[in-house]
Structures are given as structure tokens and as C-alpha cells.
Amino acid sequence: MRFLPCADSGLLIELADLEAVQALYAVLAENPPDGVTDLVPAARTLLLHLDPQRANIAEIEAAVRAVKPVDAARSGGDLLRVPVVYDGADLAEVAKLTGLTEREVVHRHTSAEWTVAFGGFAPGFGYLSGGPPELVVPRRTESRTKVPPGSVGLAGAFSGIYPRESPGGWQLIGRTDLEIWRVDREPPALLRPGVRVRFQEVG
């Protein structure tokens, strides 16, 4: 665990891997140290936003080192159920890459409980971890210039849902009508770090 001050309003914590980030985030989100106003997880870091008027970096570092990280999968985050039509353009390719049938791909995707590890790429885009190792697939060799909003995809060990039309190189296996990101909603993003996700197949 390495601590890097970011000006007077941030403290970046470098950790060993994503699992360590999720474990630390889960406990700090429940009980943030005094002076911490926000937590931003990433693949191997956790950024603490600080209130410069209240935060004492040395005390915050000591408080973080003293906490006992928890299993993020058992931290009791909100559960979001996502209805999906599994007719994605890359479903056959994912089946080929994994050695599974298309139905087996769908079954494994819907059987797992995923967790939003961190956000990125676009507002509302959550990187979902915790899926079965059989569904680990590479990104497409060539990205699409337009991916429709609601597209459900796989890339590496992650699953994700495109919140709006954008370029993208994830392997698309389905689509959902659920509005993942909406600016007039509070909070705007459904896929926030710590939220648990279950995909459900619909016709």
C-alpha cells in the first residue's frame, strides 16, 4: 500500500490489484475517515478526495492503514437487476473464443453476481468484475465507431453496459433497455462502485 498526496485535496493509494482496491473501498465507503469527501476506485488505485479545511493527511493515512478490508462481494451493496436480450453481434465470436456454446455463454453471464469495481471511459460506464473465468475474452481487434446505448459487452475479465452511443471495442453479447445514465436522476449513474449486478435474460 503506497500513499501519494495529490496537491492539498487528494490522497492517492496504490494497491496490489483490483481485489485489494475493492476490499479497501468497501470498508472506507461505509466509514470514511474525517476529512474525506469522496472515494474514486480504479483498477489498482483508490483516490481519496479531501476537504482541505478539515483533512489531516497523516491522520487519514494512519486511519486507512488501521482498517481491516472486507470482502467486496459480501459488503451488501445495492443489487441491480438488468434485463438483457442476448442477441449481440459478437455472441458467436465469444462462444468461439471461450469454447462454449452461445447458450452456455448466456448461462454463465446470468448465473454470476457481478460487482461494479470502478467507473470510467464514459459517464455512467461501470467496469463489472466477479464474472466466471470462462468468460474472460480479449477486446475486439478493431473497435466499432458506433456502439448503441444499452449494449452489454465483455472485455478481459470485465462486463459492461454502454450508457450512450460511442465508439467501443468490447465484445457485444446483448442489449438492455435500462437507462444506465440519466442526468436528471439522482444519482445519475445506476452502475456505481460497490453496486452488485445480476443480468437476467429476457425475450
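Within the range 79-90, residues that are in the same structural domain as E102 (by TED's automatic domain parsing) and of a type in the set (D, E) have Cβ atoms under 6 Å from residues that are surrounded by 14 or more Cβ atoms within 10 Å (Cβ to Cβ) and part of a strand (DSSP E or B) in these pairs: D90/Q171; D90/L172, counting only partners at least 6 apart in sequence or on another chain. Given the criteria assigned to a strand (DSSP E or B), in the same structural domain as R182 (by TED's automatic domain parsing) and in contact with a Leu (Cβ under 6 Å, 6 or more places away or on another chain), does G153 qualify? Yes. The set of residues from the range 2-17 being assigned to a strand (DSSP E or B) and without any contact (Cβ under 8 Å) to a residue 12 or more places away in the chain comprises just one member, L4. Being surrounded by 14 or more Cβ atoms within 10 Å (Cβ to Cβ), farther than 17 Å from T115 by Cα and among the aromatic types (F, W, Y) is a condition met by at least one residue of the range 164-180.
Among the conditions (1) closer than 23 Å to G194 by Cβ; (2) in contact with a Ser or Thr (Cβ under 7 Å, 6 or more places away or on another chain), P167 misses just one, which is (1).
Here A58 clears all of (1) over 27 Å from F121 (Cα atoms); (2) touching a Ser or Thr at 6+ places or on another chain (Cβ under 9 Å); (3) not in a loop (DSSP other than H, G, I, E, B) except the condition numbered (2). Looking at G169, is it in contact (Cβ under 8 Å) with a residue 12 or more places away in the chain, within 30 Å of L39 (Cβ to Cβ) and touching a Pro at 6+ places or on another chain (Cβ under 8 Å)? No. Please tell me if S143 is of a type in the set (S, T, Y), surrounded by fewer than 17 Cβ atoms within 10 Å (Cβ to Cβ), in the same structural domain as T115 (by TED's automatic domain parsing) and at pLDDT 95 or above. Yes. Just one of the listed residues (A55, A95, A112) is of a type in the set (G, A, S), modelled with pLDDT under 95, buried (at least 16 other Cβ atoms within 10 Å of the Cβ) and farther than 19 Å from A20 by Cβ, and it is A55.
Restricting the range 98-109 to residues that are among the hydrophobic types (A, V, I, L, M, F, W, C) and touching a residue at least 40 places away in the same chain (Cβ under 8 Å), the residue that is surrounded by the most Cβ atoms within 10 Å (Cβ to Cβ) is V105. Picking from residues in the range 20-52 that are surrounded by fewer than 17 Cβ atoms within 10 Å (Cβ to Cβ) and in contact with a helix residue (DSSP H, G or I) (Cβ under 8 Å, 6 or more places away or on another chain), the one that is farthest from G130 (Cα to Cα) is D34. Remark: P123 matches the filter, which requires a residue to be in a loop (DSSP other than H, G, I, E, B), under 18 Å from the mean Cα position of the chain (by Cα) and in contact (Cβ under 8 Å) with a residue 40 or more places away in the chain.
The values are calculated or read from the model by the stated rules, or taken from the named source; none is laboratory data. Just so you know, these numbers come straight off a predicted model, no measurement behind them. Cβ coordinates were reconstructed from backbone atoms using ideal geometry, including for glycine residues, and neighbour counts include every protein chain displayed.
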